[in-house]
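Have a look at the structure below, then the notes.
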Amino acid sequence: MLLSGCAAAPPSPVPTLIINQCATPSPCTLPKSNPETNGELDLQLERTEAAWAQCAAEVDAVIACQEANHAETSPATRSPD
């Protein structure tokens, strides 16, 4: 006797693996300094601004990567007809 609940079921769908290939952000660091003159202070300001710009660029790159991955893995939204 074969019960109807014991029939062969279709195979389960294969799970989709999502691999985040974005770089891991690292903490922003600023160069150490101990300026003693106005010239050294001005130079340190330039170095600090450059370090912040580099850090911002790295963060922006990670965000752009994550947004691109999110767009690729999100189901398409359909507008109502």
- Query: When both residues are 6+ apart or on different chains and their Cβ atoms are under 6 Å apart, which pairs have a first residue that lies in region 35-63 and is within 28 Å of Ala23 (Cα to Cα), and a second that is not charged (D, E, K, R)?
  - Reply: Arg47/Pro31; Thr48/Leu30; Ala51/Leu30; Cys55/Cys28; Val62/Cys22; Val62/Ala23; Val62/Pro25
- Query: What is the residue count in region 15-65 for residues that are within 23 Å of the chain's Cα centre (by Cα) and not in a loop (DSSP other than H, G, I, E, B)?
  - Reply: 16
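Here, each number is a calculation from the coordinates, and none is a lab measurement. Remember, it's a predicted structure, so these values are computed and weren't measured experimentally. Cβ: placed from backbone, ideal geometry, glycine included. Neighbour counts: every protein chain shown.
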